[in-house]
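Here is the structure we will look at, set down as structure tokens.
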Amino acid sequence: MSKLRISLAAGIILISLYMLITQSFDWIPYSSFLLGMLMLVIGWEEVKKGKRGFLFITLQTLLV
């Protein structure tokens with residue numbers, strides 16, 4: 001796994017835990033942005049591996 005993928009996942013988990021504990025949902029746009037970036041990174045890694053099937057699912061999820 002790439003360092004970028006791990007750091008994005010850790011950022012999402014930390015923001016989600018913060019929102020869960022404080023009940024302050026002002027951080028939802030940031031977590032959504034990080035989730036989109038994580039999907040983009042996953043798709044890019046799949047392209048590098050040569051797995052095109054999962055790429056289309058990932059890009060569709062990213063765009064929606």
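Structure notes:
- Any hit, the range 5-13, residues being surrounded by fewer than 15 Cβ atoms within 10 Å (Cβ to Cβ) and among the basic types (Lys, Arg): no
- The residues of the range 14-46 that are more than 23 Å from LEU63 (Cβ to Cβ) and surrounded by 15 or more Cβ atoms within 10 Å (Cβ to Cβ) amount to a single one, MET19.
- In the range 2-25, the residues that are part of a loop (DSSP other than H, G, I, E, B) and farther than 14 Å from LEU40 by Cα: GLN23, SER24
- Candidates LEU20, LEU34, LEU14, LEU4, filtered to the one that is at pLDDT 90 or above, in contact with a Gly (Cβ under 7 Å, 6 or more places away or on another chain) and not hydroxyl-bearing (Ser, Thr, Tyr): LEU34
- Verdict on LEU55 being among the aliphatic types (A, V, I, L, M), modelled with pLDDT under 75 and buried (at least 16 other Cβ atoms within 10 Å of the Cβ): yes
The values are calculated or read from the model by the stated rules, or taken from the named source; none is laboratory data. Remember, it's a predicted structure, so these values are computed and weren't measured experimentally. Note: ideal-geometry Cβ built from the backbone for every residue, glycine included; neighbour counts use all protein chains shown.
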